[in-house]
Amino acid sequence: MMRFSLARFFSGCTLLAASVAAANADSGGNSVPLNQKYKQECAACHTPYPPGMLPAASWKRIMGSLEKHYGTDASVDEATLRDLGVWLGANAGTYKRVQEDPPEDRITRSAWFLREHNAREVPPDTWKRASVGSPSNCVACHTQAAQGSFRERDIRIPK
């Protein structure tokens, strides 16, 4: 008799999602379409970061501490927490760009983010502009960030 294992099921989903994410990343394609609940709950306060920008362990920690989410109470009901946790875990970054948990689980402190936004590419004074504000304000420069696209051709650094 074959026993159903939820852990095995999610592991399979994670592997499948990782393969798709890697193929999309390598081909320059868009990331996974954003979950409606994710857009409703998370994008109400900040850029809806694509799940592939962080590894699953980071998403798990973030979802496990929403009552103190970077200084804000971002708690959601149990069903939403479960659904978003499964979706984020299944679509988390596993490809070569997302190899380690960034400090404090912050995308802006990850090695790949710092490489992409180095001082040659983004002068340090850019972050101080009122129209930008901080490195976490992706939509300030990435005109299609809300749709999950961060292609270079869509970058417009504001004055």
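Laboratory data are not the source of any read-out in this text; all were calculated from the coordinates shown. Bear in mind that the values here come from a model prediction, so they are computed numbers and not experimental data. Virtual Cβ from ideal backbone geometry, glycine too; neighbours counted across all protein chains shown.
Tabulated data for the structure shown
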read-out	value
Cross-link reach list, aspartates and glutamates versus LYS68, counting only Cα pairs under 20 Å and skipping chain neighbours closer than eight places	GLU41, ASP77, GLU78, ASP83, ASP101, GLU104, ASP105
Computed over the range 16-154: relative contact order in percent, which uses C-alpha pairs under 8 Å that are six or more apart	30
Simple spin-label estimate for ALA57 and GLU152 in nanometres, 7 Å along Cα-Cβ	3.1
Residues with amide H under 5 Å from that of HIS69, placed H, sequence gap 5 or more	ALA74
Qualifying aspartates and glutamates (Cα of each under 13 Å from Cα of LYS159; at least 8 residues distant if same chain)	ASP125
Where a label projected 7 Å from the Cα of SER75 along Cα→Cβ would reach, residues of the range 35-64 with amide N under 14 Å	64
In sequence order, calculated HN-Hα J values of the range 99-114 (Karplus, 6.51, -1.76, 1.60; Hz; x Gly/Pro)	9, 9, 6, x, x, 6, 6, 9, 4, 5, 10, 6, 4, 5, 5, 5
Residues of type aspartates and glutamates that LYS96 reaches as a straight line, Cα spacing below 16 Å, ignoring anything fewer than 8 places off in the same chain	ASP26, GLU116
Trypsin sites (Lys or Arg not before Pro) within the range 77-124: DSSP coil, no more than 16 neighbouring Cβ in 10 Å	LYS96, ARG106, ARG120
Euclidean distance of C-alpha centroids, the range 109-155 and the range 49-72, integer Å	20
Label-point gap, in nm, between SER131 and ASN118 - each point 7 angstrom along Cα→Cβ	2.6
Two-site label geometry, ARG82 and GLN36: point separation in nm, points 7 Å out along Cα→Cβ	1.9
Cleavage-rule hits, GluC sites (Glu not before Pro), the range 82-147, DSSP coil, Cβ neighbours within 10 Å at most 16	GLU100, GLU121
